[in-house]
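Values in this text are rule-based calculations from the coordinates and carry no lab data. Everything numeric in this text was worked out from a predicted model, so none of it was measured. Glycine gets a Cβ as well: all are built from the backbone with ideal geometry, and neighbour counts include every protein chain shown.
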Amino acid sequence: MIEIAPFTGYVYPNETIIPWSVMIVIYPYLTGLVAGAFTVSSFYHVFGMQRFKPVARLALLTSLSVMLFVPTPLLLHLGHPERAMNSMLTPHLTSAFAMFGFFAAFYTVLLVMEVWFVFRADNVARALSSTGLKRFFYRAVTLWSDDLSPRARAIDANWLLTLAIVGIPSAHGLHGYIGFVYGSLKARMWWESDLMPVIFLFSAIVSGMALLMVLYVVTCRWRRVEIDQACLKGMMAALWGFLMFTVVLEGLEFANMVYKGKEGIDVIMEYVKGPLFIRYFVLQFGLGAIVPILTMSIMMARGTKGRALVIGSTFCALLVLMNVLLMRWNVVIGGQEISKTGKGILTYVLPFWGRESFVSAAALTLAPMGLLWILTRLFPPWVERPLAR
Amino acid sequence: MKTEDNKTGRRNFLRTSGAALAGLGAVVGGTLLGEAVAGTDKGNNPESSSPVPGYDWKKHRWAYGIDATKCIGCLRCVKACKEENDVARDANHFRTWVERYVYLEGEEKPLVDSQADPQNIAAAGTEADYRFDNRYKDKKVTKSFFIPKMCNHCEHPACVQVCPVGATFKSEDGVVLIDHEYCIGCRYCIQACPYGARLFIEDMGVSDKCTWCYHRITKGLQPACVEVCPTHTRVFGDLNDASSPVSKFIRENRVQVLKPESGNAPMCFYVGLDKDVS
């Protein structure tokens with residue numbers, strides 16, 4: 001079914017079918033979560049920040065779970081998903097999108113390798129202590145190697161460090177690159193900005209951190225394990241810093257656009273003051289950024305701890321997750337709701353049901369959490385367990 | 001814990017897999033290389049490089065002219081295009097369209113609409129027919145004009161730049177085409193076109209656009225829209241031929257292009273644009 005976008009003013013006739021749907025909102029959102037979760041894991045694995053140890057392995061599994069779903073919104077969106085591999089078989093090198101397949105594949109392999117090394121010792125122990133099918137599974141996962149000698153562990157550590165060091169630019173490069181896809185598109189004033197890749201990158205880090213905070217709190221509650229306050233506080237401080245930076249960048253980008261006042265700014269102002277006001281100023285900036293920044297500032301200033309810290313920081317993290325999702329929506333959908341004529345505004349209609357709909361988008365956003373649940377059952381990332389590294 | 005056996009076994013496994021992968025690589029690489037070489041051979045032979053038998057695309061450089069001062073908004077071009085190219089007969093898929101700019105007394109900004117405007121569709125009675133309604137009959141109009149629009153077949157097309165698989169390309173004779181058999185339907189090209197000239201065919205899952213009626217021009221015919229234009233608003237021809245209508249049009253007029261700041265360098269040249277046309 002074709003969704004026709006209602007419009008006001010004058011829009012080009014072909015614009016009444018919005019090309020990029022909610023799937024292209026979900027796609028950068030998922031990629032961002034990958035990059036952000038990887039950042040959290042790097043705090044411990046690369047920078048050796050001990051306070052992040054309780055979430056480091058969970059962060060890595062989260063990053064992998066989400067990454068495996070990153071191509072799905074794209075495949076659902078493509079008119080010919082069966083031809084998707086053409087972009088890797090015959091990449092058209094002038095396209096900002098031609099390299100996505102390679103970057104994504106490279107990063108996925110890197111993540112799988114890193115997970116393999118991080119969980120290797122645990123898996124070997126599990127293989128040795130189990131029997132039957134379970135033993136076969138873990139032996140297969142360890143590639144039939146059970147060497148845990150100090151020399152082998154030293155090799156593991158070296159690999160891990162190398163992978164994590166390569167992983168940071170890869171994860172961030174992947175996401176900055178997605179920002180470039182939008183920022184380099186000169187046909188849309190709302191997207192065309194040199195700051196776009198940086199904004200995408202920082203909002204990605206912010207979203208991944210927020211997700212990890214929520215996941216950490218939820219999993220601790222679920223497992224009836226005491227929450228490591230230092231770890232949570234550390235994540236909150238990092239979230240605060242990165243969020244502050246992201247908001248400043250987004251504010252600067254908007255200020256730049258308004259101040260320059262190029263042709264077409266009239267319709268942009270009409271758009272932000274009208275249809276975008278609630279979801280941009282009130283929800284994204286106000287509720288999604290200012291409220292958590294203020295709340296976290298107060299909590300940090302007062303040295304809040306215990307239950308209040310847990311509730312407060314989880315609340316802020318949830319708001320930030322909403323903020324970044326709205327940011328993706330406001331960029332991707334917002335850009336397309338402003339007509340290229342500079343004389344009209346369209347309204348994207350989100351179908352409730354269908355291939356590119358609310359239901360499929362929600363399912364794709366939640367599906368990585370299902371995979372994460374399975375992965376945490378197979379490869380428990382919890383540090384309190386005796387099997388932990 | 002580690003045994004020589006499993007070490008050797010793993011090494012053998014890696015060696016075998018490596019050899020298998022290398023073999024596969026050689027086959028795929030060889031095939032691709034073969035095709036690439038074959039492609040180069042084709043490129044050296046103009047007759048075989050052209051997608052149309054008997055037509056040498058290296059000998060032409062097509063361009064389009066639009067004298068907007070002559071357009072009467074009859075929309076025959078739109079109808080002809082839809083019929084000739086089997087474009088969906090609805091209000092959301094057009095390879096060409098016509099815009100109407102009307103300045104009312106006392107107002108600085110024009111009122112703009114096209115044949116796809118709901119009021120015009122209501123006047124036509126169906127989305128498959130095209131007309132401009134008479135909504136300004138009781139108003140004081142100070143200035144009004146029509147602007148036909150279509151793909152500009154740009155010299156530096158942003159749509160071609162962004163296509164991740166090269167399904168859309170600029171042919172040797174300057175026409176920007178789409179290989180529907182290769183397009184993956186990502187719609188990046190639709191985003192990149194500043195003119196809104198690209199559309200998406202939902203049933204086929206591919207992008208589409210004006211081809212200047214490539215199937216006609218390669219046989220020496222005019223594009224359908226040019227053929228049916230009763231006022232000679234639309235002209236088409238070969239820039240390599242100084243006597244062609246478009247060469248004459250560009251030579252004899254001070255022509256402009258749409259959105260020159262985009263850097264796309266359109267090959268549709270206009271006479272009679274206005275500051276408010278975007």
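Report the FRET efficiency, 1/(1 + (r/R0)^6), for A:VAL291 and A:TRP159, where r is their Cβ-Cβ distance and R0 is 25 Å, rounded to 0.05. With a Förster radius of 25 Å, E is 0.05. Overall, the protein assembly as shown carries a charge dipole of about 2260 debye about its Cα centre when +1 sits on the Cβ of Lys and Arg and -1 on the Cβ of Asp and Glu, all other atoms neutral. In a DSSP loop and with at most 15 other Cβ atoms within 10 Å, the chymotrypsin sites (Phe, Trp or Tyr not before Pro) in region A:72-147 are A:TRP144. Exposure proxy ranking for B:LYS139, A:LYS53, based on other Cβ atoms within 10 angstrom of each Cβ and starting from the fewest, stands as B:LYS139, A:LYS53.
Applying both filters, DSSP loop and at most 10 other Cβ atoms within 10 Å, to the chymotrypsin sites (Phe, Trp or Tyr not before Pro) of region A:311-377 gives A:PHE352, A:TRP353.
If you take the beta carbon distance between A:ALA105 and B:ASP274 as r and set R0 to 56 Å, what does 1/(1 + (r/R0)^6) give as a FRET efficiency, to the nearest 0.05? It comes to 0.65.
Between B:MET204 and B:ASP56, the modelled labels are 3.0 nm apart [label points 7 Å from Cα along Cα→Cβ]. Working ranking of peptides A:270-279, B:189-198, A:330-339 by packing, defined as the average number of other Cβ atoms within 10 Å per residue, highest first, is B:189-198, A:330-339, A:270-279. Distance between the 7 Å Cα→Cβ label points at B:LYS109 and A:MET244: 4.0 nm. Computed from the alpha carbon positions, the gyration tensor of chain A leads to an equivalent ellipsoid with semi-axes of 39, 25, 18 Å, biggest first.
Farthest toward the positive end of the dipole of region B:102-248, out of B:TYR214, B:HIS156, B:VAL235, is the Cα of B:VAL235, where the dipole comes from beta carbon charges about the Cα centre. Derived from the Cα gyration tensor, the three semi-axes of the equivalent ellipsoid of the protein assembly as shown are 53, 33, 18 Å, largest first.
Taking label positions 7 Å along the Cα-Cβ direction at both A:LEU371 and A:ARG307, the computed distance is 3.8 nm, reported to one decimal.
Each stretch of four or more DSSP H residues adds -39500 (n - 2.57); spread over every residue of chain A, this sum gives -22500 deg cm²/dmol at 222 nm. For region A:158-164, putting each phi into the Karplus relation 6.51 cos²θ - 1.76 cosθ + 1.60 with θ = phi - 60° gives couplings of 5, 4, 4, 5, 4, 4, 5 Hz, in residue order, rounded to whole numbers and with x for Gly and Pro. Using the Cβ-Cβ distance between A:GLN50 and A:MET1 with R0 set to 60 Å, the FRET efficiency from 1/(1 + (r/R0)^6) comes to roughly 0.65. Restriction of the trypsin sites (Lys or Arg not before Pro) in region B:202-278 to DSSP coil positions whose beta-carbon has at most 15 other beta-carbons within 10 angstrom yields B:LYS219, B:ARG254, B:LYS275.
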